[in-house]
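I have placed the structure first, in the form of structure tokens, so that the comments after it can refer back to it.
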Amino acid sequence: MSRALPKYNKRRVGFIGGAAAVALTGVVIAGTALAGESSGDGAGADARTLAGPGTISCPDVAPRLPAVPASARAEVDRTLGDLDKQIAEANQRLVDTVGQGGPNFVRNAILGPLEDKRFAAVNRIATAIGRTAERPAGLDSLAACTLTE
């Protein structure tokens, strides 16, 4: 007995597969066409988009640092530069994702990860200073950022 499908079964499988592909393509096209439409009157849906995304505001770390030893200066300066890049990247992500997600999207997707990155960077600065001088305390409070409208 041959393991190959008889000819009529091959046609049936091909026909069903083709019909499924056509139906799925139609669903994808319809979903794409309707993706930009808002429900309801639309008056409040675009208000946030037209108002702008706001900006992310973070406390400045450099003025809160004690005297930085010369041996740690290069690492501290590099990490302070990384903090500035992190804020710029978060602001760009804020602009790129306007209108996405729910009410906690900015907090969960942008501000939360930014705070984690800043916390690690502030700890790297404190560790670099602490290698040759007294480790600064209280810098962890500078990790949190806020959204200003």
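The values are calculated or read from the model by the stated rules, or taken from the named source; none is laboratory data. This is a predicted model, so every value here is computed, not measured. Using ideal geometry, Cβ is built from the backbone for each residue, glycine included, and neighbour counts are taken over all protein chains shown. Calculation scope for accessible area: heavy atoms of the full protein, side chains included, ligands and nucleic acids excluded. Shrake-Rupley method; radii C 1.70, N 1.55, O 1.52, S 1.80 Å.
At-a-glance table
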quantity: Single condition VAL95 does not satisfy, out of (1) touching an Asp or Glu at 6+ places or on another chain (Cβ under 9 Å); (2) exposed (fewer than 13 other Cβ atoms within 10 Å of the Cβ); calculated: (1)
quantity: Residue tally, condition open to solvent by less than 30 Å² (accessible area, probe 1.4 Å) and among the β-branched types (Val, Ile, Thr), over the range 107-134; calculated: 4
quantity: Given (1) at pLDDT 95 or above; (2) in contact with a helix residue (DSSP H, G or I) (Cβ under 9 Å, 6 or more places away or on another chain), index of the condition GLY81 fails; calculated: (2)
quantity: Single residue of GLU75, GLU149 found to be modelled with pLDDT under 95 and either charged (D, E, K, R) or touching a Gly at 6+ places or on another chain (Cβ under 6 Å) (or both); calculated: GLU149
quantity: Condition met for ARG64 (surrounded by 13 or more Cβ atoms within 10 Å (Cβ to Cβ), modelled with pLDDT of 65 or more and more than 26 Å from the chain's Cα centre (by Cα)); calculated: yes
quantity: Cβ pairs under 8 Å, 6+ apart, first in the range 128-149 and of a type in the set (D, E, K, R), second open to solvent by 80 Å² or more (accessible area, probe 1.4 Å); calculated: ARG131/SER71; ASP140/PHE119; GLU149/ALA51
